[in-house]
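The values are calculated or read from the model by the stated rules, or taken from the named source; none is laboratory data. Model, not experiment: these values are computed from the prediction. Cβ placement follows ideal geometry from the backbone for every residue including glycine, while neighbour counts extend to all protein chains displayed.
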Amino acid sequence: MSQEVKVCVLFGFGINCDRETAAVFEMVGGVSERVHVNRLVQGERTLSEFDILAVPGGFSFGDHLGSGRLLGNRLRFALREQLQQFVTDGKPIIGICNGFQALVKTGLLPGPADASLEPDLIQRASLTLNNTGRYEDRWVTLEFDPHSPCIWTKNIQRIECPVRHGEGRFVMPTEQDLDNLDNNHLLTVRYVDPTTPAGEGIQDELLSFPMSPNGSMRNIAGICDATGLVFGLMPHPEAFYSMWLHPEHTSMDLGENWEGEGLQIFRNAVEYVRSQR
């Protein structure tokens, strides 16, 4: 059986991080193809041709009616059965920044509480305006739940990563909703204080700005669904594929270690697909 891992990277309608996202999958052994959303909607291509789906960042549909709302609706209504089948077939999906917003608004994230259930595409959460009331473009520190079922974040504890968004505050209707996700380790990645020891940074109490760049409930930076296949986050790991992109790289002793911390997320997905064959 072929070991080629085919990655569908969506583009069009203001998505603007598609080339970077396609490139990082290629760097870790995937075979990326940028596919315009309309080609899927019109039936010229199908998601079944691919092993991984990536919804990159940008400003889809100009963020009219809210970030990710129109793209989310387009995916939810035009590709409903294909998206459900993709997850049912055990194939990974990632949404980054605007892509995370779109996955939340399709209802793929956080999805049903039971991993055995088919994705129902019911919206249960949202991403809304940053507490600062403005667009934030800065580096943050992220820590990952080691018990999360997320296949994308396996063996990753803490990384630095850039954010660039105006609507990144993750919210849910009730604290009980968040408790349910937390109890199932679906609050996969959180903003943390960089001065805390690695592995001890995750906390529910809201961090001050700029450690939390948006005021997300429980400092949530990203979540996964109960299957661990669908993952979304506001920070941009594809923008940290090389240590030379770190703002303090000139003061670091990098040696031969050029690989950026964000690259492992994409490698995990490619290796997961190969492991299932």
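Report yes if some residue within the range 217-237 is closer than 24 Å to Glu20 by Cα, touching a Lys or Arg at 6+ places or on another chain (Cβ under 6 Å) and of a type in the set (Gly, Ala, Ser); otherwise report no. The answer is yes, given that some residue of the range 217-237 is closer than 24 Å to Glu20 by Cα, touching a Lys or Arg at 6+ places or on another chain (Cβ under 6 Å) and of a type in the set (Gly, Ala, Ser). Of the residues making up the range 217-225, at least one is polar (S, T, N, Q), closer than 17 Å to Glu143 by Cα and within 16 Å of the chain's Cα centre (by Cα). Candidates in the range 155-170 are the residues that are out of contact with any Ser or Thr (no Cβ under 9 Å at 6 or more places or on another chain) and assigned to a loop (DSSP other than H, G, I, E, B); of these, the one that is surrounded by the most Cβ atoms within 10 Å (Cβ to Cβ) is Ile156. Pairs meeting the criteria (first residue in the range 97-111 and surrounded by fewer than 24 Cβ atoms within 10 Å (Cβ to Cβ), second residue assigned to a loop (DSSP other than H, G, I, E, B) and of a type in the set (Val, Ile, Thr), beta carbons under 7 Å, at least 6 apart or on different chains) are Gly107/Ile122. Close Cβ contacts (under 8 Å, 6 or more residues apart or on different chains) running from residues in the range 20-33 that are on the phi > 0 side of the Ramachandran plot and surrounded by fewer than 16 Cβ atoms within 10 Å (Cβ to Cβ) to residues that are at pLDDT 95 or above and not in a helix (DSSP H, G or I) comprise Gly29/Val5. Across the range 86-110, the number of residues qualifying as part of a loop (DSSP other than H, G, I, E, B) and closer than 20 Å to Gly168 by Cβ comes to 5.
Please verify whether the range 50-58 includes one or more residues that are in contact with a helix residue (DSSP H, G or I) (Cβ under 9 Å, 6 or more places away or on another chain), part of a helix (DSSP H, G or I) and at positive phi. No, the range 50-58 contains no residue that is in contact with a helix residue (DSSP H, G or I) (Cβ under 9 Å, 6 or more places away or on another chain), part of a helix (DSSP H, G or I) and at positive phi. Would you confirm whether any residue within the range 133-149 is in contact (Cβ under 8 Å) with a residue 12 or more places away in the chain, in a strand (DSSP E or B), among the acidic types (Asp, Glu) and crowded, with 24+ Cβ neighbours inside 10 Å? Yes: the range 133-149 contains one or more residues that are in contact (Cβ under 8 Å) with a residue 12 or more places away in the chain, in a strand (DSSP E or B), among the acidic types (Asp, Glu) and crowded, with 24+ Cβ neighbours inside 10 Å.
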